[in-house]
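Worksheet: one structure, shown below.
The values are calculated or read from the model by the stated rules, or taken from the named source; none is laboratory data. This is a predicted model, so every value here is computed, not measured. Neighbour counts run over all protein chains shown; Cβ positions are idealised from the backbone, glycine included. These area figures cover heavy atoms from the full protein model, side chains too; ligands, DNA and RNA do not enter into them. Shrake-Rupley method; radii C 1.70, N 1.55, O 1.52, S 1.80 Å.
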Amino acid sequence: MKFGFIPTEGGHFFDEFLEEVLLGEALGFDSVWLEEHHGIKDHYWPSPLIGLAGIATQTERILFGTDIMVMPFYHPVRVAEDSAMLDIMSQGRFILGAAIGYKPDEFELYQVLLEKRGARFEEAICLIKQLWTQEEVNFNGKHYQVLGLKIEPRPVSSPHPLIWLGGWGKLSLKRAAMLGDAWIPGPTADLDKLLSSQKIYHDELRSIGIDPSTNPTPLTREVVIAENDEKAREIADKYVMVNYRDEYGTGDWNHPLIGGEDDTPVDQFEIIRRDRFLVGSPQTIIKELHKYQHTFGVDHLICRLYFPGISHNFIMNELKLIASEVMPALRS
């Protein structure tokens, strides 16, 4: 199993973010990721590609990517060019993770319509792949047109940087199968939802002649690890639940799962954590991960470690615990 993490992100905390990334690489983590949301105090950065550019030349081995960027807020030519630059700067270590977005006030901020965002997304991914791989692009879509043009420079990754696509609806899962190199599930779904969505994704892969076992199986989870279960539970109850009580659980977010089809109470920690959070000592985390390994087949775990208010020092200690105790148990 490969291990990645989402470090401190948001506010004026770039120095903390960078220190965590450098430690993660030194400890042997495989990847680091940034998310995207807008207007959230001390949580998330609005420009994940810029944040990742800040580590592209500071690191040597670790993969990095977006988990995820909200594609409807960008013109696909700009994404293709900026991603190519990141791929060049890092010598082929960039992964583009993208989805269609869902938060109404963000679309209002960008003056972009929520309606038809899926169709625009599909065209954008197709156009980006052409711009990355073709000397001359002739793309005449309903939403985007590029006729007889190209971008320079193109990525160094062959045939192009990996594209991991997120989303939970049937159309999103179909797009992930048809257009992506992997489906990247977010951290909010419980195991039942993960498995039912994965079945749809695998069926779509098989329908176009792709063996699901040939694609990566990444998974993002909320992770709080400490020396003992009690300490981890205390931190999770204080900080992780902010995401669920004050963000996802509010009507303003219009989250596709939390507060939507998933009516799990967001103010009851023991209920919402079940088959959703990885909270505990290294031994507890290892036990939980074996379950995800055997049922979901996860081969690249992305640990979301940052939640508003949680300390930088605590995250640094989490990285050390995962690297010294969890990673060896899951890689053996």
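At 1.4 Å probe size, with no ligands or nucleic acids counted, give the accessible surface of L149 in Å², nearest ten.
Approximately 100 Å² of L149 is accessible to the 1.4 Å probe.
Please list, by residue number, every one of the GluC sites (Glu not before Pro) in region 115-164 that is coil in DSSP and has at most 15 other beta-carbon atoms within 10 Å.
Sparse-neighbourhood loop GluC sites (Glu not before Pro): E115, E135, E136.
On average, how much accessible surface per residue is there in region 130-248, in Å², for a 1.4 Å probe, leaving out ligands, DNA and RNA?
Working: 5490 Å² over 119 residues.
Heavy-atom SASA per residue in region 130-248 reads 46 Å².
Could you please put H143, H43 in sequence from largest to smallest accessible area, using a 1.4 Å probe?
Solvent-accessible surface, decreasing: H143, H43.
Report which label in [x] 20.5, 62; [y] 20.0, 58; [z] 19.1, 61 holds the value of Rg and Dmax of the Cα atoms in Å derived from the coordinates of this structure.
[z]
Accessible area per residue of region 25-128 at 1.4 Å probe, in Å²? Kindly include the intermediate steps, with their values, before the conclusion.
Working: 4020 Å² over 104 residues.
On a per-residue basis, region 25-128 sits at 39 Å².
Counting only DSSP beta bridges with both residues in the chain, tell me the antiparallel percent, nearest 5.
10
Go through C126, C303 and list them by solvent-accessible area, largest first, probe radius 1.4 Å.
Numbers: C126 45, C303 5 Å².
Of C126, C303, the descending order of accessible area is C126, C303.
Would you please name the GluC sites (Glu not before Pro) within region 1-100 that are DSSP coil residues with at most 10 other C-beta atoms within 10 Å of their C-beta? All intermediate terms of the calculation are to be shown ahead of the outcome.
Details: sites: E9, E16, E19, E20, E25, E35, E36, E60, E81; in loops: E9, E35, E36, E60.
Hits after loop and neighbour filter: E60.
Please report the accessible area of S213 (heavy atoms, 1.4 Å probe, ligands and nucleic acids excluded) in Å², nearest 10.
90
Using a 1.4 angstrom probe on heavy atoms only, work out the carbon and sulfur share of the accessible area of region 150-199 in %.
Heavy-atom surface of region 150-199 belonging to carbon and sulfur, 1.4 Å probe: 55 percent.
Using a/c under 1.5 as the rounded threshold, could you call region 90-189 rounded, prolate or oblate? The axes a ≥ b ≥ c are square roots of the C-alpha gyration tensor eigenvalues, and prolate needs a/b larger than b/c, oblate otherwise.
Numbers: a/c = 1.89, a/b = 1.29, b/c = 1.46.
Oblate.
With all protein chains present and a 1.4 Å probe, how do M71, M316 order by accessible area, largest first?
Ranking M71, M316 by accessible area, largest first, yields M316, M71.
If you count only protein heavy atoms and use a 1.4 Å probe, how large is the accessible surface of V279, to the nearest 10 Å²?
V279 exposes around 10 Å² with every protein chain in place.
Evaluate the distance, in nm, between pseudo-label points positioned 7 Å from the Cα of L113 and of D237 along their respective Cα→Cβ axes.
4.8
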